[in-house]
Amino acid sequence: MKQITILLASALTLVLSLAACDNEMETIDRRTVGPQGQDPVLYAEYLKALGAYKASEHYLTYARMENAPEVSTSPRDYLHAMPDSLDYIALVRPLSQFDCEDLPGVRAKGTKILLRADCSEAATAAQAVEDALAQIAAHGLDGLAVYGGSTAPDAALIDKASRAGTFLVFEGDPALVPPDSREKIDLYVRDVTGVNNVFTLQTEVDYILERAGIPAAKLLLATTPDSRMDDAALHAQEALTLVARAVMTYGPLAGLAVYDIGKDYYDPSTNYRRTKAAINLLNPAYN
């Protein structure tokens, strides 16, 4: 009993001594401060240099982003985390609140934001374009990306989108676009993810340019970060690298598109490692 009394007395003495200290609890600000907040002057200089790069003649880079998932799992789900050097980002879903919050910062980097309309099903294509154009007008987005899949787009829909005065991209087989509508499209994105080797890739590009008559300056080739493709020696390589080289040697073409870019987000060395490497291969002056 005596030992318990001594212990209680000691504990009370310790509490009183701590209460008498002048040290107070310090509040720690755990908010993340971006580069614009850390050094506004330096960040302004960076944006100026980035704007000059995007205004210069260079190979375009385009990314299709799976925005606004039901459950966000990482920064890859947010516009502000996308690579700054991208020229175009095509969103596959209507804008979320977080997308809207990110728009001003992404636009300050000179990146143009498009909204995709899934026109792969004829029965729903007209409504998809109508909904996308309404979103574009509501949020002041930069253009429309019409996804055709393996379906020929309706000439009336292309005409409607063109008359809306918005920048128009077609994702799909350019040869499926009605000949009278082809001039109304600003950029074509051809998905070559399923192409096995560079020889077949060149055949595909030749067909688009020569048989379909699509100008090389309007054509982008698309693949995914995790895709593989055989080079001229039939050795499997990262498809992004080989497709980037094809853009330069088979045209030159307008540029490179990256589908499912979120798959490239995490890497121990840097986020979007493969995407950034392909961009640097196309536009080494960006560094």
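The values are calculated or read from the model by the stated rules, or taken from the named source; none is laboratory data. Just so it is clear, the structure is predicted and the values come from calculations on it, not from any experiment. Cβ coordinates were reconstructed from backbone atoms using ideal geometry, including for glycine residues, and neighbour counts include every protein chain displayed. Only protein heavy atoms, including side chains, enter the accessible area calculation; ligands, DNA and RNA are left aside. Shrake-Rupley method; radii C 1.70, N 1.55, O 1.52, S 1.80 Å.
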Does Y259 qualify as being touching a strand residue (DSSP E or B) at 6+ places or on another chain (Cβ under 8 Å) and closer than 16 Å to E66 by Cα? yes
Assuming A134 fulfils every condition listed in (1) over 24 Å from Y266 (Cα atoms); (2) of a type outside the set (S, T, Y); (3) open to solvent by less than 50 Å² (accessible area, probe 1.4 Å) apart from one, which condition is it? (3)
Among the residues of the stretch 193-208, is there at least one that is in a strand (DSSP E or B) and farther than 15 Å from A257 by Cα? yes
What are the residues in the stretch 137-153 that are touching a Lys or Arg at 6+ places or on another chain (Cβ under 9 Å) and open to solvent by 60 Å² or more (accessible area, probe 1.4 Å), if any? Y147
For the condition part of a helix (DSSP H, G or I) and either touching a Phe, Trp or Tyr at 6+ places or on another chain (Cβ under 8 Å) or modelled with pLDDT of 95 or more (or both), what is the one hit in L221, L242, L234? L242
Any residue at all in the stretch 66-75 that is surrounded by 15 or more Cβ atoms within 10 Å (Cβ to Cβ), outside any helix (DSSP H, G or I) and at pLDDT 95 or above? no
What about D226, is it among the charged types (D, E, K, R) and either over 17 Å from the mean Cα position of the chain (by Cα) or at pLDDT 95 or above (or both)? yes
Lone unmet requirement of (1) touching a residue at least 24 places away in the same chain (Cβ under 8 Å); (2) part of a loop (DSSP other than H, G, I, E, B); (3) farther than 24 Å from E171 by Cβ for L50: (2)
Within the stretch 86-129, of all residues that are touching a Ser or Thr at 6+ places or on another chain (Cβ under 7 Å) and either open to solvent by 60 Å² or more (accessible area, probe 1.4 Å) or of a type in the set (A, V, I, L, M) (or both), the one farthest from F170 (Cα to Cα) is L86
Y78 - would you say it is open to solvent by 40 Å² or more (accessible area, probe 1.4 Å) and under 25 Å from A212 (Cβ atoms)? no
Between A128, A152, which is free of Cβ contacts under 8 Å to residues at least 60 places away in the same chain and either more than 24 Å from T223 (Cα to Cα) or out of contact with any Pro (no Cβ under 9 Å at 6 or more places or on another chain) (or both)? A128
Across the stretch 249-270, which residue is modelled with the highest pLDDT among those that are open to solvent by 50 Å² or more (accessible area, probe 1.4 Å) and outside any loop (DSSP other than H, G, I, E, B)? T249
Applying the selection to the stretch 156-206, what residues are touching a Leu at 6+ places or on another chain (Cβ under 7 Å), open to solvent by less than 30 Å² (accessible area, probe 1.4 Å) and over 25 Å from L242 (Cα atoms)? A161, T166, L168, I185
